[in-house]
Amino acid sequence: MPSIVFTPLNRPILGIVSVIVGVSVFSIQDAIIKGLSSGYPVHQIVFVRSLIALPLLFLVAFAEGRGTLKTQHLGLHALRGATMFVAYTSYYLALAALPIAETVALYYTVPLFVAALSVPFLGERVGSRRWAAIAVGFFGVLVIVRPGDGLADPAALLAVAAAVAYAMSALLARRLGATDGAGAMALSATLFYLAASGLLGLALSGIDAATDTHDSLQFLLNPWLWPSPRDLALMAACGLVSAFGFFFLAQGYRLTQANVAAPFEYVALPWAVLWGYLFFGNLPDMATVAGAGFIVGSGLYVIYRERRAGRRRRCAELAVER
């Protein structure tokens, strides 16, 4: 069989703007889901959200494909949907137990994982300085988690696991973006969420959590309930948010390199602080601020090194052509 040749798009400014818009929209959903986490299971919220988002994304994908919904890479779509489902479910479970700002800070180790995973996934080279920056970022994680002080919450591991899974999905989006549109990628991911959340709800039905269960586990094991009109409206709002957010994020990673787009997801941090304070009265402590500073700084350094490496590669290619 002939090998598939990927020719990624390269429109970095539009890609970066798309990522910023997508992340800003998604930040609203964090506050809604944290507020609903004590009364409903995570898979019910994801199911209702996906059900609302599905027709919107279908129209977007249909228009983007000019009346068709064809792809040659169903396997990659399914793999990306699975990694994103793991990413977001783990993130929401962490969000139920941790303040929004702390969860977001841990989750946005994503650029560090993107850089590290680009070696086995895309065959890219990561130099010693970028590995050092990755190490600094993970030191920031330890500062936030503070395992030596007995303050570590198991939910922090969920936030980091979500970052690993999301980094994998970002690299898959980069490969898919060479042939498939953002609408198609957002639609396939949402279809996977709908199926996976429904199956997870069936698998966990009848399993009750103890009264003293950890908040994350409680959020996973809460029974499905018919929501009140207010809560149903909030779940529906999550569907609208996810439709727009998934489209813009997929578009961002489709239009530019994952290592370029990922650091701009850091705009979620100030939003997280704002929503955490306004809706839950939480402000990050100094350890969280310091750890987030290490994570953001190392992530920005990684993208700086990526850009320099990219310029050197282009210069070398031009020299060969001459």
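Among the residues of the stretch 162-190, those identified as assigned to a helix (DSSP H, G or I) and polar (S, T, N, Q) are Ser169, Ser188, Thr190. Would you point out the residue of the stretch 273-313, among those that are aromatic (Phe, Trp, Tyr) and crowded, with 16+ Cβ neighbours inside 10 Å, that is modelled with the lowest pLDDT? If we take residues in the stretch 273-313 being aromatic (Phe, Trp, Tyr) and crowded, with 16+ Cβ neighbours inside 10 Å, then Tyr301 is modelled with the lowest pLDDT. For the stretch 201-244, filtered to residues that are outside any loop (DSSP other than H, G, I, E, B) and among the aromatic types (Phe, Trp, Tyr), the residue that is most open to solvent (accessible area, probe 1.4 Å) is Phe244.
Is there a residue in the stretch 126-142 that is at pLDDT below 85, among the charged types (D, E, K, R) and either open to solvent by 30 Å² or more (accessible area, probe 1.4 Å) or under 22 Å from Ser24 (Cβ atoms) (or both)? The answer is yes; a qualifying residue exists.
Taking the numbered list (1) open to solvent by 10 Å² or more (accessible area, probe 1.4 Å); (2) at pLDDT below 80; (3) of a type outside the set (D, E, K, R); (4) within 15 Å of Ala162 (Cβ to Cβ) in turn, Val114 passes all entries but (1).
The values are calculated or read from the model by the stated rules, or taken from the named source; none is laboratory data. All values reported here derive from a predicted model rather than from experimental measurement. Methodologically, a virtual Cβ is constructed for each residue, glycine included, from the backbone with ideal geometry; neighbour enumeration extends over all protein chains shown. Ligands, DNA and RNA are excluded from the accessible area calculation, which covers all protein heavy atoms including side chains. Shrake-Rupley method; radii C 1.70, N 1.55, O 1.52, S 1.80 Å.
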